[in-house]
Amino acid sequence: MVVTISNTGYIKRLSVSAYRKQKRGGKGVTAMETKEEDFVKHLFIASTKDYLLIFTNQGRVFWLKVYEIPQAGRQAKGKAIINMLQMSTGEEISSVIAVREFTEGKYLFMCTRQGLIKKTDLSAFSNPRKGGIIGIGLEKGDALIGTCLTDGKHDVLLALRSGKSICFKESQVREMGRQAKGVKGRFAW
């Protein structure tokens, strides 16, 4: 299934067979109908039995099975995700990760707006709760900006809007529990 989530929070799934291979000079096909100010923020392929781990800017994590997402046509905008999850006011989706099984040795690497980073074992997120769980503890005024699935052997590159950046091995960051705040990944100059 192809899962699409818009910036304003509409979600839908569609079979991969609905998209066809494009030949030379093709115009493409519409993947999702959106309003003028809306756009597709997340688009990925997942099996119907996969879990979607939905991370919000407030550090909470929600689970959703792909088959629970309403199936809609290419022109449909989908269903509002706030009707499917118990998100609080002002909470927005920061990242979505498709997971087939929660095995040890895989990690979720998170980064916040104030430069805190955290690496947590994927198996710590294996117990789904309807109201979501805390994925990362956040200070007041901070927000989760990104999460990715890793195997613990990658390099990490953090960059500022001003152009400064730092690169380090992921193995230098120790594994932490779900509610931990993380360590400073920001720059010391």
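The values are calculated or read from the model by the stated rules, or taken from the named source; none is laboratory data. Keep in mind it's a predicted model, so treat the numbers as computed, not measured. No Cβ is skipped: glycine too gets one built from the backbone with ideal geometry, and neighbour counts run over all protein chains shown. For the accessible areas, the whole protein counts, side chains as well, though only heavy atoms, and no ligand, DNA or RNA atoms are used. Shrake-Rupley method; radii C 1.70, N 1.55, O 1.52, S 1.80 Å.
Remarks
- Within the assembled protein chains, the solvent-accessible surface assigned to Lys77 is about 80 Å², based on a 1.4 Å probe.
- Exposure ranking of Glu104, Glu170, Glu175, Glu37 by accessible area [1.4 Å probe, largest first]: Glu104, Glu37, Glu175, Glu170
- Charged-residue dipole, Cβ positions (Lys, Arg, Asp, Glu), the chain about Cα centre, Debye nearest 20: 440 debye
- If you count Lys pairs in region 42-189 whose Cα atoms are under 15 Å apart, skipping same-chain pairs closer than 8 places in sequence, the total is 17.
- Each peptide in 109-120, 155-166 was scored by the mean count of other Cβ atoms within 10 Å over its residues; highest first, the order is 109-120, 155-166.
- Stokes-Einstein D for the chain, Kirkwood Rh over Cα pairs, 25 °C, 0.890 mPa s (µm²/s): 137 µm²/s
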